[in-house]
Every structure is written in C-alpha cells, then in structure tokens.
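Here is the structure we will look at, set down as structure tokens.
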Amino acid sequence: MPHYGDLQTQIYGAGLSGIVPTLPVDFATLEKRAQAALPSHVLTYVQGGCGDEFTQDENARAFRHWGMVPRMMVDATHRDLTTDLFGLRLPSPVFMAPIGVTGMMSQDQHGDIAAAQASAATGVPLTASTLSNDPLEDVQAACGDTPAFFQLYTPRDRELAESLVSRAEAAGYKAIIVTLDTWVTGWRPRDLNPSNFPQLRGHVLQNYFTDPRFRAMLGGKSPEDDLRTAIGTWGATFGKVLTWEDMSWLKSITKLPIVLKGICHPDDARRAIDGGADGIYVSNHGGRQANGGIAAIDMLPAVAEAVNGRVPVLFDSGIRSGTDVVKAIALGADAVGIGRPYAYGLALGGAEGCAHVLKCILAEADLLMAVNGWPTLAEVRAAGAIRTDR
C-alpha cells in the first residue's frame, strides 16, 4: 500500500543520482521564491491582510501553541488518511480552499485550470472560486475524476445567484460553499496604497461574463464590447448581505449540500445547522477581511464541540504544513483547506508546482502520523491537542 510519505524516499533516492527537487518542500522557501516570481499587483493581493495584518499573522503563528503528544509501541506501518465528506470517499482530509485570484497565479493567467489539473493529479479536491479567469464549467472538467466544490460570493441579484449555483450543479460540483464575510472588502493597506483591486480591471470575472443572467443585465451586450459597463455592473451586484432568513432560499435553489464559510462562534454553528446547513466551515478568511480577531485555529475546538458530529466541519486559515493539517484534525476539523501554499506552487510551476506543494503537505502529515503512532484520523482525533504557553 503506497503512502503519501513515500515521497520522502523518492526524493532521497533521486538524490543518489544527483537529482534534487526543483521546487521547495517547505513553506518559508516556497514563499520566498514566489515573492520573487510574482508581479507586485498579484503578490500584494495574495499576501495582503486586513489592517496591520495581526490576525493574518496570528492565524499561522497560533498553531505553535498547540502541541500533540506522541504514542509509542503502536504499529503505524500502514496509515489511512481517507475521509468521508458529503457522501464522498476522499483519499485524504485535505482540500484546496477558494482563492479569488487563483487564475492570476500562473504565468499563463489560467491558474484556475492549473489548480484543477493539480487536483486531478493528486486527488485533492479544489474549491473553485466565483472569481475566476476561466468559466466554472471548464474548471470542473479539468478536475477529472476528483470531486470539486464551488464557492459562492452571493450576488445581490437573486437571479444571478441562482444562475451561478445552477451552473455549478449542472457542471458536476459536489457542494456549494457560501462565503459569509465578504459582502464588502476589509481594509487592506497593501492593496489600498497602490490602488490595486484586480476585479476593477476586469480580472477573474469570467464566471460573470459567461453567465446568461449577467449578460441579460448588460442588455445582451458582450462584456468585451463595453468592459467598463460590465465591470460596473459586476460591482453593483457583488456582495449580498446574507441573514439567517436567507437559508431557506439557499436551500431551495439547489440539491447540493450548502456549506457556510466564515462560522467562528459556536452559537452561529448551532443556528446554521438548525437552519439546514449541511456543513460548517470555520475560517476568518485568512485574516484578509477583519483584523484584531482570534486565530481561526483557536476558535475551531468550540465550534467543533457545538457541531458535535452532526455535519462535517471544514477549516482553513493559517495552514502552512502537513503538521498544521494534523493539528486541525486533532482539534475537530473533518477537512482542512490549503490556501497560500498551493497558490505559491502555481506561481512557481503551474499545475505541476501546485501538485508538488500538495504532495509535500500530505507527505508531512502522513509521516507525522507514522512517527507519533496515529495510523488513522480517528486516532489523531482521539489524541487531541494540548494548548501550551508558547
């Protein structure tokens, strides 16, 4: 039975023939090289957080004050990282979180397709963003046999929202992940100082420009014929303020599972489930939307306890390594989203670079489970994690 950790043996074996990895296997070096490779207007958008970026930094730093205790004399020769999510049997608990400028991360400006190709190559599901340089149908098709999810920025125009969801369902996506915290953008100095907002320059808007309802809102005109009007129309409809009363409408427009992204309070998790949510997604948007908050990983245990296994708990914000993935599982996540790391992989090597990053994260997680005596995710959850003062 192959294991994700076998990647380590492959790397060392290739080294005996003088072949070393062309891409980094650690986040710090990956980030440094991506910083040198990306144009400034893309880099600031991907790396920037809200305010002085305290929350963004704390998201990653907070993993250090959670520790796990290894168990010895356990046969972890064989590890099983498979997980069930929305009726799907997945090879691991890792998925790619939605990133609004994924399309701009690769040199050919088709990073959405490249991420989907990496998904197909690794079995790691992609959460395709509403903001995309390629139509959602093309992105899903490039995922091959690997399931994909669609992230919805809910438009103010209900017909447009329903059209996007209908297209996602018809294309074969397996769940709709509704982002709750981005009906308006947070205060992002890295983008404000150079007045950098990619969407206002027509980037990552192909899901809108190819949508029949959106084109009808333009009077049937092609967005390419009057790009300024098309962008203005997008800006006028982006960002519906969702309330609990909208849950019945969201549930009515699709047969797919509805996952609410941005839940950080246990009471919100309970209310979401009572309202029909099929999944709870713990996230503070990587610290990009609100500053001064608590690290997302520190809010996960209370939310997971409130959910109590009734629906899956997804998590992102601050994941940088396989160790972080395992800690998030130990603290209550059923599935863990990778964000910036895979984006940096796209920047350095397109689909192959993205797949390389995902494989490295999975290998580290697998080897940690092996060394610490946790042959399954159930054992990881049983072991839990301990809060330290570091």
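Filtering segment 278-299 to residues that are buried (at least 24 other Cβ atoms within 10 Å of the Cβ) and in contact with a strand residue (DSSP E or B) (Cβ under 9 Å, 6 or more places away or on another chain) leaves Gly279, Ile280, Tyr281, Val282, Ser283, His285, Ala296, Ile297. In segment 83-100, the residues that are touching a residue at least 40 places away in the same chain (Cβ under 8 Å) and under 19 Å from Val380 (Cα atoms) form Cβ pairs under 9 Å with partners that are of a type in the set (S, T, N, Q) and not in a strand (DSSP E or B), at six or more places apart or across chains, as follows: Thr83/Ser92; Leu90/Thr82; Leu90/Thr146; Ser92/Thr82; Ser92/Thr122; Pro93/Thr82; Val94/Thr122; Phe95/Ser119.
Only one entry in Arg188, Arg167, Arg213, Arg158 is surrounded by fewer than 17 Cβ atoms within 10 Å (Cβ to Cβ) and modelled with pLDDT of 95 or more, namely Arg158. Of all the residues in segment 27-57, those that are part of a loop (DSSP other than H, G, I, E, B) and without any contact (Cβ under 8 Å) to a residue 24 or more places away in the chain number 1. In summary, Ala161 fulfils each of the numbered conditions (1) part of a loop (DSSP other than H, G, I, E, B); (2) closer than 27 Å to Ala290 by Cα with the single exception of condition (1).
Given Thr237, Thr182, Thr254, which one is open to solvent by less than 60 Å² (accessible area, probe 1.4 Å), over 18 Å from the mean Cα position of the chain (by Cα) and within 22 Å of Leu126 (Cβ to Cβ)? So that I can check it myself, show each step before the final result.
Details: Thr237 fails: within 22 Å of Leu126 (Cβ to Cβ); Thr182 fails: over 18 Å from the mean Cα position of the chain (by Cα).
Step by step, each of Thr237, Thr182, Thr254 is checked, and only Thr254 is open to solvent by less than 60 Å² (accessible area, probe 1.4 Å), over 18 Å from the mean Cα position of the chain (by Cα) and within 22 Å of Leu126 (Cβ to Cβ).
Given the criterion acidic (Asp, Glu), within 30 Å of Ala277 (Cα to Cα) and part of a helix (DSSP H, G or I), identify the matching residue among Asp84, Asp112.
Details: Asp84 fails: part of a helix (DSSP H, G or I).
Among Asp84, Asp112, only Asp112 is acidic (Asp, Glu), within 30 Å of Ala277 (Cα to Cα) and part of a helix (DSSP H, G or I).
If I filter segment 226-237 for residues that are touching a residue at least 60 places away in the same chain (Cβ under 8 Å) and assigned to a loop (DSSP other than H, G, I, E, B), do I get at least one hit? For segment 226-237, residues touching a residue at least 60 places away in the same chain (Cβ under 8 Å) and assigned to a loop (DSSP other than H, G, I, E, B): absent. A single entry from Leu7, Leu23 fulfils the requirement of being open to solvent by less than 70 Å² (accessible area, probe 1.4 Å) and outside any helix (DSSP H, G or I): Leu23.
So which residues in segment 152-167 are over 17 Å from the mean Cα position of the chain (by Cα) and hydrophobic (A, V, I, L, M, F, W, C)? If the condition is that a residue be over 17 Å from the mean Cα position of the chain (by Cα) and hydrophobic (A, V, I, L, M, F, W, C), then Leu160, Ala161, Leu164, Val165 are the ones that fit.
Of all the residues in segment 170-183, those that are farther than 17 Å from Pro98 by Cα and at pLDDT below 95 number 0. Looking across segment 324-343, the residues that are farther than 24 Å from Glu31 by Cα and open to solvent by 10 Å² or more (accessible area, probe 1.4 Å) come down to Ala330, Leu331, Gly332, Asp334.
Yes or no, residue by residue, for (1) surrounded by 24 or more Cβ atoms within 10 Å (Cβ to Cβ); (2) in contact with a strand residue (DSSP E or B) (Cβ under 9 Å, 6 or more places away or on another chain):
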position	(1), (2)
Met73	no, no
Gln107	no, no
Val124	yes, yes
Val139	yes, yes
Pro147	no, yes
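Considering (1) at pLDDT below 95; (2) crowded, with 19+ Cβ neighbours inside 10 Å; (3) not hydroxyl-bearing (Ser, Thr, Tyr), the lone condition that Met247 does not fulfil carries the number (1). Would you check if Ser132 is within 30 Å of Thr388 (Cβ to Cβ), open to solvent by less than 10 Å² (accessible area, probe 1.4 Å), modelled with pLDDT of 95 or more and not hydrophobic (A, V, I, L, M, F, W, C)? Criteria not met by Ser132.
Return yes or no: is Ala128 closer than 22 Å to Pro198 by Cβ, without any contact (Cβ under 8 Å) to a residue 60 or more places away in the chain and touching a strand residue (DSSP E or B) at 6+ places or on another chain (Cβ under 7 Å)? When the stated conditions are applied, Ala128 passes them. Per the listing Leu368, Leu314, the residue uniquely open to solvent by 20 Å² or more (accessible area, probe 1.4 Å) and in contact (Cβ under 8 Å) with a residue 40 or more places away in the chain is Leu368. Within segment 164-188, the set of residues being part of a loop (DSSP other than H, G, I, E, B) and touching a residue at least 40 places away in the same chain (Cβ under 8 Å) comprises Tyr173, Lys174, Ala175, Leu180, Asp181, Thr182, Trp183, Val184, Thr185, Gly186, Trp187, Arg188.
The values are calculated or read from the model by the stated rules, or taken from the named source; none is laboratory data. This structure is a prediction, so every number in the text was calculated from the model and none was measured. In this analysis, Cβ positions are derived from the backbone assuming ideal geometry, glycine residues included, and neighbour counts consider all displayed protein chains. SASA here: full protein model, heavy atoms, side chains in, ligands and nucleic acids out. Shrake-Rupley method; radii C 1.70, N 1.55, O 1.52, S 1.80 Å.
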